[in-house]
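The values are calculated or read from the model by the stated rules, or taken from the named source; none is laboratory data. Source: prediction; values computed, not measured. In this analysis, Cβ positions are derived from the backbone assuming ideal geometry, glycine residues included, and neighbour counts consider all displayed protein chains.
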Amino acid sequence: MDVLKNNAKKIAVMGAVAASFSAIFVRLVDVPPVAIGFYRLTFSVPFFAAAVLMRYRKELLAVKGRQLAGCILGGLFLAGHYFTWFTAISHTTVASAVVLCNLSPIIILIFTVLVFREKTNGKAVTGVALALIGAAVIAGGDYSFAGNAIFGDIMAFLGALFYSLYFLVGRTMRKGINAAVYIFIVFFSCWLAFGIGMVATGTPFTGYSVKDYLFLFAFAMVCQIGAHAVFNWCLGHVSPLYISTIETGESIFAAALAAVFFSEIPTLWQWIGGGIVIVGLLYYHYHEEDNPGKKE
């Protein structure tokens, strides 16, 4: 375990690389977005369930009604994030989708200032402004070159919004509930939401190709466990600032993978807008650490 702890930063980088494969897996399967979400969780939830039942059964049984409701709400927001993200990948480029979906820290800051009345510093706001300008450049460029791509950009932004709501719910709920238990209930609720969504939309549960099932299983192992679980573990050994910065690098990894797998080279506007977004996010993360009004 000491070896793992001593290499936590390197492991976090590996988690970011794993997360960058998300868009690749979505593109490789011929499966509706709601089914992608259902099977991503079908293959990964049992691993989290086993861990909770073996080590945190007492904490799971101690969850109160209001806490359970909060966890379920978090699961619904996470389902919204996954669905809009998977849909975005089908309508716009990987580079645009990943960069826009990574705007969640900016949306979270806006919520904490406007809704929770928390204070922030001017330098962090500068990072927010840069990121939003970059997002506008990406969206404007996509609209100019491919009008249909703007729908994908909107879905990617909605993905960032849903992830922000999921994060804000989690920040509140995890103050009174075990982290592993919270994550398990959220993932289970998210899985149920996708299952209900499949029934409601008439999406078939079976009948997909062996290739699709294999890629969906790999998707769950690489992105849900290799990225999501890894980031949660790393938070206990490195600073949240480092994790946030590394997650920002996912945009670069994902764009590189899209170029290799799909020969999808970012346009000039995507390079410019994406660069501005990344600089804005890094600037925000760096100065947000010194936020005097930040509440833990």
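Are any residues in segment 53-94 of a type in the set (Phe, Trp, Tyr) and over 17 Å from Ile36 (Cβ atoms), and if so, which ones? Scanning segment 53-94 gives Tyr56, Phe77.
When Phe48 is tested against (1) closer than 30 Å to Thr93 by Cβ; (2) buried (at least 18 other Cβ atoms within 10 Å of the Cβ), exactly one condition is not met: (1). Can you find even one residue in segment 178-185 that is at pLDDT below 95, surrounded by 15 or more Cβ atoms within 10 Å (Cβ to Cβ) and of a type in the set (Gly, Ala, Ser)? Scanning segment 178-185 turns up at least one residue that is at pLDDT below 95, surrounded by 15 or more Cβ atoms within 10 Å (Cβ to Cβ) and of a type in the set (Gly, Ala, Ser). The set of residues in segment 103-122 being at pLDDT 80 or above and not aliphatic (A, V, I, L, M) consists of Ser104, Phe111. Pairing residues of segment 149-173 that are among the polar types (S, T, N, Q) with residues that are assigned to a helix (DSSP H, G or I) and at pLDDT 90 or above, at Cβ distances under 8 Å and at least 6 apart in sequence or on separate chains, gives Thr172/Gly70. Is it the case that some residue within segment 4-22 is closer than 16 Å to Thr87 by Cβ and not acidic (Asp, Glu)? Within segment 4-22 (the criterion being closer than 16 Å to Thr87 by Cβ and not acidic (Asp, Glu)), the answer is yes, since at least one residue qualifies. Flag not set for Glu118, criterion: closer than 23 Å to Ser189 by Cα and of a type in the set (D, E, K, R). Within the bounds of segment 92-107, is there any residue that is in a helix (DSSP H, G or I) and more than 26 Å from Gly134 (Cα to Cα)? No, that holds for no residue. Quick check on this structure: which one of Thr112, Thr84 is within 27 Å of Ile177 (Cβ to Cβ) and in contact with a Gly (Cβ under 8 Å, 6 or more places away or on another chain)? Just a single option satisfies the conditions, and that option is Thr84. One residue stands out in segment 193-218 among those that are on the phi < 0 side of the Ramachandran plot and assigned to a loop (DSSP other than H, G, I, E, B): the one that is surrounded by the fewest Cβ atoms within 10 Å (Cβ to Cβ), namely Thr206.
Applying the criterion of being closer than 10 Å to Leu100 by Cβ and in contact with an Asp or Glu (Cβ under 9 Å, 6 or more places away or on another chain) to the residues of segment 131-146, the residue that is modelled with the lowest pLDDT is Asp142.
Quick check, is Cys190 buried (at least 21 other Cβ atoms within 10 Å of the Cβ), more than 19 Å from His81 (Cα to Cα) and not aliphatic (A, V, I, L, M)? In short, no.
Considering (1) of a type outside the set (Phe, Trp, Tyr); (2) crowded, with 24+ Cβ neighbours inside 10 Å; (3) in contact with a helix residue (DSSP H, G or I) (Cβ under 6 Å, 6 or more places away or on another chain); (4) more than 12 Å from Leu158 (Cα to Cα), the lone condition that Thr93 does not fulfil carries the number (3).
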